[in-house]
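**Q** My questions will all concern the structure given below.
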């Protein structure tokens, strides 16, 4: 693995502010996410993409049985073995979400969207928590990953919609009322903008509650994840302020991200969670 992972900005800051025990797992998980996500690369033959994802599903099953074959899953398995832990059972969540995206499947209900985010959390966030803070309670870690992933989906609503990936549930769109087609064409009508605003606020509140539920002693070893949450929360606020226009870009680079990350790391080191919303 490289010393510093080739990861998007928020993930790179999470890695940068992580203690040593969390850095290697995060770098490996980011690389796995990127490798599996290659199956969604534009222009890739659809049958080849399905074949890649089928292989990765089998590899995740092998990994859960402590017999991985890919260098990345072997590396992750070695980290768990060195800590006296069983291999992570949720890695296939990355395959589940990739298959969903490849099919451009829609979320019929809010619960389906939450399930998608929970599968991602089981693959990305919960293994990192197991390694860095094994005594941390499972539910706050799961909730952190679920709300963090939803915020990331909200930050790419328009660009994903243009790829056929609708990141709001159909039942919520119907109640707004709004249509999936409108998502791809910002600026959004008032009803859709109000729905997006509500989803941002609810996801941020859930993210803040999940971090607050982490015991103070668990926060220092997890400070990289808390930094990730803080940076994405800031991105969500900026995206809400832009409504009815869509977010500027998927990664929301901003000069203040580094300052936000530093502050979040300091608070996590002191077991104080996220700063109060402004």
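The values are calculated or read from the model by the stated rules, or taken from the named source; none is laboratory data. Quick caveat, the model's predicted, so the values are computed rather than measured. Note that each Cβ is placed from the backbone with ideal geometry, even for glycine, and that neighbours are counted across all protein chains shown.
**Q** In this structure, does residue 196 turn out to be at negative phi, in a helix (DSSP H, G or I), touching a residue at least 40 places away in the same chain (Cβ under 8 Å) and in contact with a helix residue (DSSP H, G or I) (Cβ under 9 Å, 6 or more places away or on another chain)?
**A** yes
**Q** Something else: Against the definition (touching a helix residue (DSSP H, G or I) at 6+ places or on another chain (Cβ under 9 Å), more than 14 Å from residue 113 (Cβ to Cβ) and assigned to a helix (DSSP H, G or I)), how does residue 206 come out, yes or no?
**A** no
**Q** While we're looking at this one, here's another question. Looking at the range 101-127 only, could you name the residues that are assigned to a loop (DSSP other than H, G, I, E, B), surrounded by fewer than 19 Cβ atoms within 10 Å (Cβ to Cβ) and either at pLDDT below 95 or touching a helix residue (DSSP H, G or I) at 6+ places or on another chain (Cβ under 9 Å) (or both)?
**A** 105, 106, 108, 109
**Q** Within the range 234-254, is even one residue under 28 Å from residue 161 (Cα atoms), part of a loop (DSSP other than H, G, I, E, B), free of Cβ contacts under 8 Å to residues at least 12 places away in the same chain and within 20 Å of the chain's Cα centre (by Cα)?
**A** yes
**Q** Residue 149 - would you say it is surrounded by fewer than 22 Cβ atoms within 10 Å (Cβ to Cβ), at pLDDT 95 or above and part of a helix (DSSP H, G or I)?
**A** no
**Q** In addition: Check off (1) surrounded by fewer than 23 Cβ atoms within 10 Å (Cβ to Cβ); (2) in a helix (DSSP H, G or I) for residue 68 and give me the number that stays unchecked.
**A** (2)
**Q** I would also like to ask the following. Residue check, residue 80 against (1) closer than 25 Å to residue 152 by Cβ; (2) buried (at least 17 other Cβ atoms within 10 Å of the Cβ), all met but one. Which one?
**A** Evaluating residue 80 over (1) closer than 25 Å to residue 152 by Cβ; (2) buried (at least 17 other Cβ atoms within 10 Å of the Cβ) leaves (1) as the failure.
**Q** Name the residue that is surrounded by the fewest Cβ atoms within 10 Å (Cβ to Cβ), counting only residues in the range 152-164 that are out of contact with any helix residue (DSSP H, G or I) (no Cβ under 8 Å at 6 or more places or on another chain) and assigned to a helix (DSSP H, G or I).
**A** So the residue we want is 162.
**Q** Please go through the range 212-230 and give me each residue that is surrounded by fewer than 24 Cβ atoms within 10 Å (Cβ to Cβ) and either more than 20 Å from residue 20 (Cβ to Cβ) or free of Cβ contacts under 8 Å to residues at least 40 places away in the same chain (or both), ordered by number.
**A** Listed by number, the residues that qualify are 212, 213, 215, 216.
**Q** Is at least one residue of the range 172-192 part of a helix (DSSP H, G or I), touching a helix residue (DSSP H, G or I) at 6+ places or on another chain (Cβ under 9 Å), crowded, with 22+ Cβ neighbours inside 10 Å and at pLDDT 95 or above?
**A** Yes.
**Q** Of the residues 14, 27, 21, 31, which is assigned to a helix (DSSP H, G or I), at pLDDT below 95 and closer than 30 Å to residue 264 by Cα?
**A** Of 14, 27, 21, 31, the one residue that is assigned to a helix (DSSP H, G or I), at pLDDT below 95 and closer than 30 Å to residue 264 by Cα is 21.
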